[in-house]
Amino acid sequence: MIKYKKIKTGPVEIDLTGPDGNAFALLGIAANLAQQLYLDKKTIQSEMMSGDYEHLVSTFDKHFGEFVTLYR
């Protein structure tokens, strides 16, 4: 039997306690979103990496909070 995968539409949700919540995953997601939104991904990633994990998360939220919901 072949089943078709349901394409998820709606807001992107990230559980920070799960595998998508680690710093490297968030940096990758930020690069992907920045490219889709025509933003400078290198500048955003540099800003995200300029502090600790909490700074990284808050910077991510500052740039992409309108499109992504983060859960702790």
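Of note:
- Sites listed here are chymotrypsin sites (Phe, Trp or Tyr not before Pro) in the chain whose DSSP assignment is loop and whose Cβ has at most 12 other Cβ atoms within 10 Å: 4, 38, 67.
- Per the Debye calculation on the chain with a single equal scatterer at every Cα and no solvent contribution, log₁₀ I(q)/I(0) for q = 0.14 Å⁻¹ amounts to -0.44.
- 0 to 90° range, to nearest 10: angle between helix 53-64 axis and the chain longest Cα axis: 70
- Note on the chain: dipole from Cβ charges, positive end direction compared against 29, 44, 59; the farthest Cα belongs to 29.
- Nitroxide proxy distance, nm - points 7 Å out along Cα→Cβ at residue 55 and residue 2: 5.1
- Lys pairs, the chain - Cα-Cα below 27 angstrom, 8 or more residues apart or on other chains: 4
- For the range 15-72, with all protein chains in place and a probe radius of 1.4 Å, 55% of the accessible heavy-atom surface sits on carbon or sulfur.
- Surface accessible to a 1.4 Å probe, per residue, for the residues of the chain, Å²: 76
- Looking at the chain, the GluC sites (Glu not before Pro) that sit in a DSSP loop and have at most 13 other Cβ atoms within 10 Å of their own Cβ are 66.
The values are calculated or read from the model by the stated rules, or taken from the named source; none is laboratory data. Keep in mind that this is a model prediction, so the values were computed, not measured. Every residue, glycine among them, receives a Cβ derived from its backbone with ideal geometry; neighbour counts consider all protein chains shown. Protein only, heavy atoms only, side chains kept; ligands, DNA and RNA dropped before computing areas. Shrake-Rupley method; radii C 1.70, N 1.55, O 1.52, S 1.80 Å.
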